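The values are calculated or read from the model by the stated rules, or taken from the named source; none is laboratory data. Because the structure is predicted, anything quoted here is derived from the model rather than measured. Please note: Cβ atoms are built from the backbone with ideal geometry, for glycine as well, and neighbour counts cover all protein chains shown. For the accessible areas, the whole protein counts, side chains as well, though only heavy atoms, and no ligand, DNA or RNA atoms are used. Shrake-Rupley method; radii C 1.70, N 1.55, O 1.52, S 1.80 Å.
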Amino acid sequence: MSVIIVETAAEQPLTDQYLDAADQILLPCFEVRNVNWIYSLLSLDRHRMICAFEAPDAESLRESYRRVGLPSRPIWAGDRIQPEANAPQPDSKVRHVMEGTYLPLSETDWKDISRKLLLYCAEYGIAWVQSYISLDRTQVIYELNAPDIAPLQDIEQKLGIPIDRVWSANVLYA
């Protein structure tokens, strides 16, 4: 099974009714295609959502979304990277999310970005929860627990790490 990320950006807030209706039509397709929903991150303004799945491949999710007529969205396979066992565990249903798009990252580039980010996080009392990096190493999602979002919004300027978006999210589980 692979880790698959589905990104949703909406002009109108994603209501509970919309999310419930989407679940009702997607779940049967997911079951047929052996797709397992892990959890979702829904922005506090409800305009952005990232869902993490386990599935045979990204095409299984693309086909599910096409079959039920939901709008096309970025869907990509990636690796989940988590702290070592003794690292702090998530302590909140609210997380802060940073998203970055890069030219393909080499292993050295990835380690350098991670090292800089973890040192910065430690300095500001920010706990790294986990990250996802696309298999082609061009997309990265960082999940963090932070006292507030302000120090995360400064990371690009202070560390030179390109960040597309920084936002706060509620964690949704089944």
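Of the residues in region 161-174, none is more than 16 Å from GLU7 (Cα to Cα), out of contact with any strand residue (DSSP E or B) (no Cβ under 7 Å at 6 or more places or on another chain) and surrounded by fewer than 19 Cβ atoms within 10 Å (Cβ to Cβ).
Identify all residues within region 18-44 that are closer than 15 Å to LEU70 by Cα and either aliphatic (A, V, I, L, M) or surrounded by fewer than 16 Cβ atoms within 10 Å (Cβ to Cβ) (or both); write none if there are none. Reasoning before the result, please.
The first filter runs over region 18-44 and keeps only residues closer than 15 Å to LEU70 by Cα, leaving 18-30.
Result: TYR18, LEU19, ASP20, ALA21, ALA22, ASP23, GLN24, ILE25, LEU26, LEU27, PRO28.
Under the condition of being open to solvent by less than 40 Å² (accessible area, probe 1.4 Å) and either without any contact (Cβ under 8 Å) to a residue 24 or more places away in the chain or assigned to a loop (DSSP other than H, G, I, E, B) (or both), the residues counted in region 122-148 number 3.
Candidates ILE38, ILE50: the one that is closer than 16 Å to SER72 by Cα and in a strand (DSSP E or B) is ILE50.
Test SER106 against the criterion of being open to solvent by less than 80 Å² (accessible area, probe 1.4 Å), small (Gly, Ala, Ser) and closer than 17 Å to TYR39 by Cα, and give yes or no.
For SER106, the condition - open to solvent by less than 80 Å² (accessible area, probe 1.4 Å), small (Gly, Ala, Ser) and closer than 17 Å to TYR39 by Cα - is not met.
Looking only at region 1-48, filter to residues that are under 17 Å from the mean Cα position of the chain (by Cα) and polar (S, T, N, Q); which one of those is nearest to VAL171 (Cα to Cα)? Among them, the one singled out is SER40.
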